[in-house]
1. Provide the per-residue ³J(HN,Hα) series for the range 443-454, in order, calculated from phi with Karplus coefficients 6.51, -1.76, 1.60 and θ = phi - 60°, each as a whole number of Hz, with x at glycine and proline positions.
2. Which cross-chain or sequence-distant (5 or more) residues have an amide H under 5 Å from the amide H of THR449, H modelled 1.01 Å from N in plane?
3. Once the dipole of the range 438-547 is set up with Lys and Arg at +1 and Asp and Glu at -1 on Cβ about the Cα centre, which of MET494, PHE453, CYS473 lies farthest towards its positive end?
4. Using only the heavy atoms of the protein chains and a 1.4 Å probe, how would ASP376, ASP272, ASP513, ASP102 rank by accessible area, largest first?
5. Let me check I have the definition right: for the range 215-345, take the eigenvalues of the Cα gyration tensor, multiply each by 5, take square roots. What are those semi-axes in whole Å, largest first?
6. Can you send over the solvent-accessible area of ARG219, 1.4 Å probe, protein chains only, in Å² to the nearest 10?
7. Which far-off residues, 5 or more places away or on another chain, put their amide H under 5 Å from the one on ALA198, with H placed in the peptide plane?
8. Going through the cross-link list LYS143/LYS497; LYS359/LYS459; LYS381/LYS452; LYS359/LYS452; LYS143/LYS548, which pairs have a Cα-Cα distance over 19 Å in this structure?
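The values are calculated or read from the model by the stated rules, or taken from the named source; none is laboratory data. Remember, predicted model here, so these are calculated numbers, not experimental data. For neighbour counting, all protein chains shown are included, and Cβ atoms are generated from backbone atoms with ideal geometry for every residue, glycine included. Accessible surface is based on the protein model in full, side chains and every heavy atom, while ligands, DNA and RNA are left aside. Shrake-Rupley method; radii C 1.70, N 1.55, O 1.52, S 1.80 Å.
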Amino acid sequence: MASFARRAIVSLALLVGAAATSAEVSSVPAGAGAAVDAVAADGSLGGLCLLQDARARGLRAGGRRMEVGPAVGAVTCDEAGASAFTEALAQQPLYWMNKNGDFAVTGASRFATRADISGGPSWSFKDETEDLVYAHPIIDAEKSIYLMHRNGKLRKFSADGEVMWTNSDMYAGQDAGKLISGTKPTLFVGGPVLLDGAIYLGDSKGFVSAVDATSGATRWRKAVGAASASDAWSMGGISGTLVAAMMSEEVAEIPFDVAGGQDMIVGVDAKDGSVLWSWKFPDGKRIYNALFSFASDPPSVLFSNYHGRAYRLKLCDGSVVWEGPAPELQPGESEVMTTGGLAQGANGVAYVTSNFLDKGGVKRGRLAAHNLASGDLLWVKRLDMPANNAPSIGHLGGASGELSVVLGLGENAFFPDPLADLTGKWENGRPVEWFTEVAAFSATNGEPTGWKFAPPPWKKTESEGDSWTGHICLPDAWSNAAIDADGTVYLGHMSGKLFALRDMDGDGRLDGDGEVRSYYGGRCYQGSPGIAEGMLVATPCDGMHVFKGQALAAEQRPPSLQGEPAARRAGEHQGL
């Protein structure tokens, strides 16, 4: 069954108030952005050229530490706004600010973990309510880690696992993690972003919340849409402006829409939660598992819909910079949804994943490349397996290696089917087995590089740990990949294994001793890993694992970073 249908069933079973999307609408619902300010008086809850230049000046020098402080003003449509955006882009934060890590959502880090995951985590955490984790971790400049559960609990941890604070202001109750709860809980599925000293997160009821990163106090909670979906979408933010995927009023009122996803993109002022602008997808299209990438000239946000069409909007007012061409179909082929998305490379190219049904009804994937300035299609690569993850773009062999696009490929697993699990066969007699692989493609022309890994076929109907007792996560076959500065690729799999893949002998393949390592934690992965110097953070559906490696000594640090505080020391930052 296609991913959108599976997740539509989940939405129905959860009986959430936020329904899936369908029709087009024209504007943000009345009152959005002006609704419920949740903070009481006492503070309780009662051209990529500029991007490349910024990286050359800021990222390769180790970036600048993002100091904790109040939110800055939102991006404006004038020279001052463009200048402030460019400055923010140059101040890439340490270490992992959102899903896929940075403002461009490359999925690549300029730091190395040096962690051997096969030895197990340094420490782990599971919530006492046994609630689900859909989201990625956030790692700040001090290596503090932020973890969001779907029931609304947000925690901050020290690098050694001490709980520094817990925010339960948005806690929706223990039933939020259950498949059938008999209630309509608020699901916190809008993955967090760290910006200007606050953690911002979204929920299925159409709210965005701001939580102070230092104290854990809620700054504000505002409705910015009529609702949002229950998929694992992610917030984006830069220069005082947040971006969220939301539903219009008409779409939110549809009881159970098999299409899923959201039909609106909303710009939000990070200072107070007010809505700056809204934009609707044309032709009834939607976005699923939203992921937002930012670029300059002009300051803008990029994303793709669930059929693989790319868009670029001005960040100041939501106007269209360009709309990429619709993916081409050959006679007899048809569109089918992807749970993937768009990510941007440091080479002036935006990469997009999508899926289609071929003439024989087989679901296959595509990887497309677009010119960042014009949106023109540069090339498209047809794949043998579905592409249900956003790409990650980085160097797999150090600074001298070719820039690569890394993709997890394969169909997503289904609900638990006890009879099929017992017999090993589906009702139609076909064997229960899910084939998956992770592969690298040239960022220049999309050709396979030969770097790839395929685990054994997964022979359960469901992803590892999903059960009808209430813990249904329904993740993608793979999490998005995270690439460290040593060229190690980390990603979670439906089998409950976390993989570390590194071409250690430089032959461009993964067939040497120690080049494929793994850790089995007993639970599948929806959240993507996060990277800091000497540390990897992975978020399976039931919690979090932290793996520590060796940090660099002062004399091993690049000259540009010598003398900086320990929290800012960079590893071998060949990455971007």
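1. Listing the rounded values in order: 5, 7, 9, x, 6, x, 8, x, 7, 7, 8, 10 Hz.
2. It is ALA440, PHE441, SER442, by chain and number.
3. The residue sitting farthest along the positive end of the dipole is CYS473.
4. Reading off the accessible areas and sorting them downward yields ASP513, ASP376, ASP272, ASP102.
5. 25, 19, 12
6. About 70 Å², rounded to the nearest 10.
7. For ALA198, the qualifying residues are ALA213.
8. From the list (LYS143/LYS497; LYS359/LYS459; LYS381/LYS452; LYS359/LYS452; LYS143/LYS548), the Cα-Cα distance tops 19 Å for LYS143/LYS497; LYS359/LYS459; LYS359/LYS452.
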